[in-house]
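The values are calculated or read from the model by the stated rules, or taken from the named source; none is laboratory data. Here the structure is a predicted model, which is why all the values come from computation and not from measurement. A quick note on method: Cβ atoms are made from the backbone with ideal geometry, for glycine too, and the neighbour counts reach across all protein chains shown. Surface accessibility is based on the protein's heavy atoms, side chains included, excluding ligands, DNA and RNA. Shrake-Rupley method; radii C 1.70, N 1.55, O 1.52, S 1.80 Å.
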Amino acid sequence: MKGVSSLKQILFIFLVLSLILAGCSNGRYADQPVNMDENSIQENNEELSSATHTGEEAKGEVTENEELKIAFQYLTNPGREFSEVRENDEFYLFQLPKDENNFLISFNKPINQESVEQVLREHLGDDLNLEFAWREEQNLLLSLSGEESERKYLINCNGALDRDGNVIKDQPVIPFAFVTPKAFYAYNFNNGIVELVYSPKMNIAGASLSRNKEFIRFQDKVGNFMGGEFYDSYLYDMKAGELRKWNNDDIPQLWMEAEAYRTEHKYTVYDTSSPFAKEEVKNLDFKQNNAGILFSPNGDKVAVFTGDYDITNVPDLTRYSIDLSLYDMENGQLIRTYPALFTDIFEHDGTDAHIDEYHDRYLHYKAKFAYWYDETKILVEYLTEDEAEMRIGILDLGSGDFNQILSGYMNPILSPKGEYFVAKKWRDTNWFVFDMAGNQIDTIKNVSEEQIVWADQGVRLACKDQDENLMIYDLEQNQSRNIGSKMDVAGWLDQETLLIYK
């Protein structure tokens, strides 16, 4: 009996050891993220090998005659996704940084590794830095880098062979071009010192700062499709050093205590104190077409632009109007509507489609140019039927009265403390600085973009001129400074420090 018992113990120990070894071989790094900050496959050998778990899952149970399939995973930025593009598809072109591009290419069948490497080299050419590292038979870690150019490259395995000698065909490819990645820097107005803040190794295209100066929201220009551009959105926590992908494609108009995202007539409002969790605060449904909601300074009210149009008695003429409605954020109830803030009569071809197109375009254009002056007043631009001229004034939310400040100017942008605003004339490249009494105090010459960013104290602003130079204007010291070209502004970190990206 002792012999039987000993045999059972030996079998039991052997079974346990087998299970442990099997668990190790199935990928013990499967739940660990890929390190995004390392520079090459060689330096990340252990971390990158964890990504092959994706390839293991892709393999699954493959039958003898199952079609070979290829999947791509971008390890340098796991949040970036690549569409299913075929070799003859001329519409897609992805943009990759000129260095540090690591891909996991997973095959669902055993593959002829030598032929895959040969075909990849043929498609990518000799002017790139290429490194190959295989993990088992079906997972290839590809590292590539090059110089920025207009040349189009292809990550393309078509033409290679599987282990049985069958030719790979009709599989997805990645068409790409290299770009120089951008980074965020802090520029100090007093001493001109530039310091690196964050380098996401992405093609940054549009960025803004949160009101509390803790978060940077930016877009990564992923590539082009049929002549248009497409982007991924990200949020970076400067204190924690944490980057998260922001899945909602809509861009909030303003960073306030809350953010709102539009879905047709409805806005979903999120609390920015927990932006990664995207905690939902309120759903507001305004029942009408709308654009641009404006949170009050303390966040308890929201002003909403709604619009409608009426067909006039004159053929092919339509009267268009925009109303402003005030809502209580606590209960979502309408407080008051201020009718016909903006009216216009325009010609059209009599089709509903044309009217709707104008309706949306006009409404979105108008909604951009309004700002809370204080808790009871809003600075707006408006146009009346009897006068084809833009006017700027203050709407008193209590009485509903307008106090006109200027006539003949448009696109007002209010300073944070409400002391000044800038505005421009029709087809004029100059912008003019006014105090709230309408007195002109400065001129900003040859501004190429309607992107003027005020510092918090309202005495400095940044913008770009016609030559794409980033300019800073100091109203108190009556100074202007050109800080360079090929850069953009995300916001002011404080009164002296501008956050730029280049």
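Things worth noting here:
- Per residue, the range 388-461 exposes an accessible area of 44 Å² to a 1.4 Å probe, with every protein chain left in place.
- Residues of the range 125-206: accessible area per residue with a 1.4 Å probe, Å²: 46
- Extension gain, T376 to F230, is 48.6 nm, computed as 0.36 nm per intervening residue step minus the present C-alpha separation.
- The modelled label-to-label distance between K152 and N439, using points 7 Å beyond Cα along the C-beta direction, is 6.0 nm.
- Cleavage-rule hits, chymotrypsin sites (Phe, Trp or Tyr not before Pro), the range 74-182, DSSP coil, Cβ neighbours within 10 Å at most 14: F91
- GluC sites (Glu not before Pro) restricted to DSSP loop in the range 70-119 with at most 12 other C-beta within 10 Å: E81, E84, E90
- If R0 is 60 Å, the Cβ-Cβ spacing of E330 and N482 corresponds to a FRET efficiency of close to 0.80.
- Working note: Karplus 6.51/-1.76/1.60 with θ = phi - 60° gives the range 89-96 the couplings 8, 9, 8, 9, 8, 7, 10, 10 Hz, where Gly and Pro are set to x.
- DSSP-loop GluC sites (Glu not before Pro) across the range 178-240, with at most 16 other Cβ within 10 angstrom: E214
- Extension reserve of the D164-K425 stretch, reckoned as 0.36 nm per residue once the Cα distance is removed: 86.8 nm
- Accessible carbon and sulfur surface of the range 156-201 relative to its total accessible area, %, 1.4 Å: 46
- Distance from the alpha carbon centroid of the range 101-155 to that of the range 388-426 works out to 58 angstrom.
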